[in-house]
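**Q** Okay, handing you the structure first.
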Amino acid sequence: MPTFVYQSFTHTDTGLVCDGVSLESIVERVDTPVYVYSARAIRDAYGAIDDAFAAHPHRIHYALKANSTLAIVRLLRSIGSAFDANSGGEIAVALCAGCTPADIVFTGVGKTRAELERAIAIGVGAINAESGGELDRIAALAAAQGREARVALRVNPDIDAGSHPNISTGLKINKFGVSLEDARTIYRERRGRAGLRFVGVHVHIGSQITTIDPLQRAARALATLALELRDDGIALEHVDVGGGLGIAYEGRPIISAADYAGAVIPEVRRTGLPLLLEPGRAVVGHAGALVARVVDTKRYPDGRRFAVLDAGMGELIRPALYGSYHQIAPVRPRPSPPAPWDIVGPICESSDVFARDRVLPPLEVDDLVAILDTGAYGSVMASNYNRHLLPAEVLVDDGQWTLIRRRQTIDDVLALEL
Ligand SMILES: Cc1ncc(COP(=O)(O)O)c(C=O)c1O
């Protein structure tokens, strides 16, 4: 089934627009670089996943790591999302957005004592523990508080997600979770331990997964474990299959939410347990564009053309980190014939490249370009490298736009320094 992708960024006579709002008009007010998000695209993507899983009791815990800008978290909260937090900071953002602790699952391979103490104290819905040792520490901290922590164990089923090695997490060479063989023993040995209440099983094998098979196999492995635990007398409340659903960065159709649900639900149904889902990228990825300005162009004697932007790996590190592909669209394409361009950032690193040999209409200094599908793992990974300032962020909703994060200033940055 082809994937339905709501197209929020479209070309019109007035240049590229986001849901009818001209990107040029936004830039006139907030300058570049700026992340622009479509609220409608976020609602539609969330709704498509929610609808696809309608046949089985489920809860979407949006993975905050994909994009945790407060206004976006609030938007997702307003349409019923729960959250997957990967740090104390993300828990704080979820609470700030009006989320109750019970609607948060707390995942993360290196949770600190302070983070665990706080998660136990506020009573998060589940702490997805990464090891037997972490479960023991949670038990001790919870017992010290006179509380019972709701926990699940993250298993590493040794399944190749088939995505980039840097975002594959479910192989036995990866640092995440415990093996299936160890999981059953870990649950058994800690059953009835003061301070612990086992509520689920958890898996997350990677991100940007574009084939059904690994997702289905991971769900099957998790469901089998849940049934074995039931046989051991450990009554769980949910099966958490993590996130990972990929999006079509290159415009090719990939797995639809319906195909994903069609593969996962039959595996989990036999447990009789509700499903927890932790999608991140699939909810916000298509909804965002990074709008930047061309600050220089040059042509080498061999013909290679460069367009240097005022945004680079400091604003969007995915291409430098994973060699990832993003469509690049001039906001007002010139009508002359296209040619190959290297689209690069201003940072002093040769890896600061968004695209090589990308065939685009002619570009000139001061032109605006939009780097598409940057709603996920974009602004959240931005840094101050080369003392660049974090970009502004704008949310377009119902024909209006709002500044949801102002551009950082150099005073903001220096305020931390003594
Ligand atoms: C535990 C966990 N859950 C969910 C996600 C979200 O993944 P994605 O954005 O691919 O849906 C991640 C990200 O890698 C993760 O580590």
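**Q** Any residue in the stretch 369-391 that is among the charged types (D, E, K, R) and within 16 Å of the ligand (Cβ to nearest atom)? Break it down into steps so the answer makes sense when it comes.
**A** The first filter runs over the stretch 369-391 and keeps only residues among the charged types (D, E, K, R), leaving 373, 387.
Filter once more, so that each one left must be within 16 Å of the ligand (Cβ to nearest atom): 373.
Yes, the conditions are met somewhere in the stretch 369-391.
**Q** Does ALA126 satisfy the condition of being in contact with a Lys or Arg (Cβ under 6 Å, 6 or more places away or on another chain) and either at pLDDT below 95 or within 23 Å of GLU278 (Cα to Cα) (or both)?
**A** Details: in contact with a Lys or Arg (Cβ under 6 Å, 6 or more places away or on another chain): yes; either at pLDDT below 95 or within 23 Å of GLU278 (Cα to Cα) (or both): yes.
Spelling it out, ALA126 is indeed in contact with a Lys or Arg (Cβ under 6 Å, 6 or more places away or on another chain) and either at pLDDT below 95 or within 23 Å of GLU278 (Cα to Cα) (or both).
Results for (1) touching a residue at least 60 places away in the same chain (Cβ under 8 Å); (2) of a type outside the set (Gly, Ala, Ser), shown as yes or no for each residue.
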residue	(1), (2)
ALA183	no, no
VAL203	no, yes
ALA219	no, no
GLY244	yes, no
GLY251	yes, no
SER256	yes, no
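**Q** Would you check which residues across the stretch 82-121 are surrounded by 14 or more Cβ atoms within 10 Å (Cβ to Cβ), closer than 21 Å to GLY47 by Cβ and free of Cβ contacts under 8 Å to residues at least 40 places away in the same chain and list them?
**A** Correct list: PHE83, ALA94, ALA97, CYS99.
**Q** Which of the residues belonging to the stretch 369-392 are open to solvent by 20 Å² or more (accessible area, probe 1.4 Å) and closer than 19 Å to VAL36 by Cβ?
**A** Keep residues of the stretch 369-392 that are open to solvent by 20 Å² or more (accessible area, probe 1.4 Å), which gives 372, 377, 380-390.
LEU372, TYR377, VAL380, MET381, ALA382, HIS388, LEU389, LEU390, listed by residue number.
**Q** Among (1) open to solvent by 60 Å² or more (accessible area, probe 1.4 Å); (2) within 16 Å of the ligand (Cβ to nearest atom), where does VAL201 come up short?
**A** Result: VAL201 passes all but (1).
**Q** Looking only at residues that are within 16 Å of the ligand (Cβ to nearest atom) and hydrophobic (A, V, I, L, M, F, W, C) in the stretch 222-244, which one is farthest from the chain's Cα centre (by Cα)?
**A** Restricting attention to the stretch 222-244, the residues satisfying the condition of being within 16 Å of the ligand (Cβ to nearest atom) are 222, 238-244.
Of the ones still in play, those that are also hydrophobic (A, V, I, L, M, F, W, C) are 222, 239, 241.
Details: LEU222: 22, VAL239: 20, VAL241: 15 Å.
Among them, the one singled out is LEU222.
**Q** For ILE247, indicate whether it is part of a loop (DSSP other than H, G, I, E, B), hydrophobic (A, V, I, L, M, F, W, C) and within 14 Å of the ligand (Cβ to nearest atom).
**A** On the way: part of a loop (DSSP other than H, G, I, E, B): yes; hydrophobic (A, V, I, L, M, F, W, C): yes; within 14 Å of the ligand (Cβ to nearest atom): yes.
Yes; evaluated as a whole, the condition is true for this residue.
**Q** Which of the residues that make up the stretch 168-195 are surrounded by 13 or more Cβ atoms within 10 Å (Cβ to Cβ), more than 13 Å from the ligand (Cβ to nearest atom) and β-branched (Val, Ile, Thr)?
**A** Listed by number, the residues that qualify are VAL178, ILE186.
To keep it simple, each residue is scored yes or no on (1) out of contact with any strand residue (DSSP E or B) (no Cβ under 8 Å at 6 or more places or on another chain); (2) assigned to a loop (DSSP other than H, G, I, E, B).
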{"residue": "PRO266", "(1), (2)": "yes, no"}
{"residue": "GLY272", "(1), (2)": "yes, yes"}
{"residue": "VAL284", "(1), (2)": "no, no"}
{"residue": "ALA292", "(1), (2)": "no, no"}
{"residue": "ASP296", "(1), (2)": "no, no"}
{"residue": "ALA307", "(1), (2)": "no, no"}
{"residue": "GLY312", "(1), (2)": "no, yes"}
{"residue": "LEU316", "(1), (2)": "no, yes"}
{"residue": "PRO319", "(1), (2)": "no, no"}
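**Q** Okay, moving on. Within the stretch 122-167, restricting attention to residues that are open to solvent by 10 Å² or more (accessible area, probe 1.4 Å), of a type in the set (S, T, N, Q) and in contact with a strand residue (DSSP E or B) (Cβ under 8 Å, 6 or more places away or on another chain), which residue is nearest to the ligand (Cβ to nearest atom)?
**A** Looking at the filtered set, the residue picked out is SER163.
**Q** Report the residue count in the stretch 204-221 for those that are within 15 Å of the ligand (Cβ to nearest atom), open to solvent by 10 Å² or more (accessible area, probe 1.4 Å) and among the small types (Gly, Ala, Ser).
**A** Residues that pass the stated criteria total 1.
**Q** Now for a separate question. Would you mind finding the one in GLU349, GLU364, GLU417 that is more than 24 Å from GLY285 (Cβ to Cβ), touching a strand residue (DSSP E or B) at 6+ places or on another chain (Cβ under 9 Å) and open to solvent by 60 Å² or more (accessible area, probe 1.4 Å)?
**A** On the way: GLU349 fails: touching a strand residue (DSSP E or B) at 6+ places or on another chain (Cβ under 9 Å); GLU417 fails: touching a strand residue (DSSP E or B) at 6+ places or on another chain (Cβ under 9 Å).
Of GLU349, GLU364, GLU417, the one residue that is more than 24 Å from GLY285 (Cβ to Cβ), touching a strand residue (DSSP E or B) at 6+ places or on another chain (Cβ under 9 Å) and open to solvent by 60 Å² or more (accessible area, probe 1.4 Å) is GLU364.
**Q** If I go through the stretch 381-398 residue by residue, how many of them are touching a Leu at 6+ places or on another chain (Cβ under 8 Å) and among the β-branched types (Val, Ile, Thr)?
**A** 1
**Q** Would you confirm whether any residue within the stretch 40-61 is under 27 Å from GLN145 (Cβ atoms), within 16 Å of the ligand (Cβ to nearest atom) and out of contact with any Cys (no Cβ under 8 Å at 6 or more places or on another chain)?
**A** Yes: the stretch 40-61 contains one or more residues that are under 27 Å from GLN145 (Cβ atoms), within 16 Å of the ligand (Cβ to nearest atom) and out of contact with any Cys (no Cβ under 8 Å at 6 or more places or on another chain).
**Q** What do you reckon, is PRO340 open to solvent by 10 Å² or more (accessible area, probe 1.4 Å) and not in a loop (DSSP other than H, G, I, E, B)?
**A** Judged against the criteria, PRO340 is a match.
**Q** Still on this model: Here is a list of conditions, (1) away from the ligand (no atom under 16 Å from the Cβ); (2) over 30 Å from ALA54 (Cβ atoms), and ARG318 meets all of them except one; can you say which number that is?
**A** The single condition ARG318 does not satisfy is (1).
**Q** Does the stretch 20-33 contain any residue that is within 23 Å of LEU403 (Cβ to Cβ), under 21 Å from the mean Cα position of the chain (by Cα) and in contact (Cβ under 8 Å) with a residue 12 or more places away in the chain? Talk me through it step by step, then tell me what you get.
**A** Of the residues in the stretch 20-33, the ones within 23 Å of LEU403 (Cβ to Cβ) are 20-33.
With under 21 Å from the mean Cα position of the chain (by Cα) added as a condition, the list becomes 33.
Applying the additional criterion that residues be in contact (Cβ under 8 Å) with a residue 12 or more places away in the chain yields 33.
So far as the stretch 20-33 goes, yes, one or more of its residues are within 23 Å of LEU403 (Cβ to Cβ), under 21 Å from the mean Cα position of the chain (by Cα) and in contact (Cβ under 8 Å) with a residue 12 or more places away in the chain.
The values are calculated or read from the model by the stated rules, or taken from the named source; none is laboratory data. Predicted model, so just to flag it, every value in this text is computed and none were measured. Cβ sites come from the backbone with ideal geometry, for glycine too, and all protein chains shown count toward neighbours. To get the accessible areas, we keep the full protein, side chains included, count just its heavy atoms, and leave off ligands, DNA and RNA. Shrake-Rupley method; radii C 1.70, N 1.55, O 1.52, S 1.80 Å.
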